[in-house]
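The values are calculated or read from the model by the stated rules, or taken from the named source; none is laboratory data. Note that the structure is predicted; figures quoted are calculated from it, not measured. All Cβ positions, glycine included, derive from the backbone under ideal geometry; neighbour counts span all protein chains shown. Calculation scope for accessible area: heavy atoms of the full protein, side chains included, ligands and nucleic acids excluded. Shrake-Rupley method; radii C 1.70, N 1.55, O 1.52, S 1.80 Å.
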Amino acid sequence: MPYAVYDRDAFVTRTGLGPDMKVLNIGPDHITASQVAKSVETAVAAAVPDVGQARGIRSTSNKVAPVVTNYNHQPFKGNCFDIIFSYHAVNYIQPGEVPGLLKEVNRILKENGRFASMVWSLKPTNKAQSSHLMLLGILEKLGMLHLHQFDEISRWLEGSGFGEITMELVSRNIPVPDKWVRTHLKWLERGTDNYSGNKVTISPDFDKAIEDYKIHVKKHGEELLPSIQFTARRSAVLSGIDIL
């Protein structure tokens with residue numbers, strides 16, 4: 001979502017960076033990784049799940065070093081990163097895999113290192129944001145993303161050994177351009193095609209949800225939902241635990 005570049009910039013600024021910090025970005029979002037790279041002197045590592053995403057990131061910045069890996073098996077030694085960013089990447093990870101990712105994040109952070117993550121809030125404040133929630137709900141049914149509850153994420157962070165966990169509601173009223181609304185509709189068409197190809201029956205309720213979204217977005221437009229920024233520190237109590 002390139003139209004949300006200022007949202008990413010604010011996310012990085014809120015978290016804070018020093019020029020000598022070693023940073024990892026979780027997920028294929030090359031925009032966030034590139035923005036982080038502007039604030040540090042060394043290359044920014046980027047953990048992505050497939051080779052195509054790594055190539056895409058590599059082509060955008062020579063200061064971002066992508067690494068192809070499963071999210072819950074990070075190929076880095078313990079205690080090596082000052083900050084780890086995740087701009088909505090957690091929303092694309094299945095619930096059963098998120099705790100493993102967070103344990104790995106805790107392992108590879110330096111003592112008192114910070115993990116910063118943005119996830120969607122599920123509470124729209126206007127009709128345009130309701131359009132976005134409708135879209136995300138449909139994509140979740142297709143298995144394209146996951147709308148984790150904020151209390152789930154809090155429990156996962158605590159269970160992974162993090163301390164000083166803070167949550168901040170961020171609402172920037174970012175409209176989704178019409179061309180991207182059309183792209184979203186194509187995603188839905190492609191998603192249902194994929195499901196049909198796998199002989200998965202699309203229920204009438206699903207078709208109705210897509211039609212309701214089309215009608216709603218045509219009438220009210222679409223605006224990004226507010227987000228919740230989680231920031232947590234690696235607890236000094238776990239400073240000696242480097243292997244999971």
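Between amide H atoms placed 1.01 Å from N, distances below 5 Å from Cys80 occur with Leu109, Lys110, all of them 5 or more places distant or on a separate chain.
Could you list the residues of the range 140-159 with an amide nitrogen less than 17 Å from a label point located 7 Å from the Cα of Arg190 in the Cα-to-C-beta direction? Only 140-146 pass the distance filter. Of the solvent-accessible surface of the range 103-184, computed with a 1.4 Å probe over protein heavy atoms with every protein chain present, carbon and sulfur atoms account for 49 percent.
With a simple spin-label model that places each label point 7 Å from the Cα along the Cα-to-Cβ direction, the separation between Glu111 and Asn62 comes to 3.8 nm.
The candidates Ser86, Ser235, arranged from most to least accessible area with a 1.4 Å probe in the full protein assembly, appear as Ser235, Ser86. Distance between the modelled labels on Arg182 and Asp50, one decimal in nanometres: 2.5 nm (7 Å Cα→Cβ projection).
Computed from label points 7 Å out along Cα-Cβ, the spacing between His220 and Asn79 is 5.1 nm. For the chain, the relative contact order is 22 percent, taking Cα pairs closer than 8 Å that sit 6 or more residues apart in sequence and dividing their mean separation by the residue count.
Counting Lys and Arg as +1 and Asp and Glu as -1 over every other residue whose Cβ lies under 13 Å from the Cβ of Val64, the net charge comes to +3. Computed with every protein chain present, the accessible area of Leu185 is close to 40 Å² [probe 1.4 Å].
Given R₀ = 41 Å, what would the calculated FRET efficiency be for Val170 paired with Asp20, taking r from the Cβ atoms and rounding to 0.05? Once the sixth-power term is evaluated, E becomes 0.90.
Heavy-atom accessible area for Asp212, with the other protein chains in place and a 1.4 Å probe, reaches approximately 60 Å². With K and R counted +1 and D and E -1, the other residues having a Cβ less than 14 Å from that of Leu147 yield a net charge of -1.
Among rounded, prolate and oblate, which fits the range 1-128 when a ≥ b ≥ c are the square roots of the eigenvalues of its C-alpha gyration tensor, a/c under 1.5 means rounded, and a/b larger than b/c means prolate? Since a/c stays below 1.5, the shape of the range 1-128 is classed as rounded.
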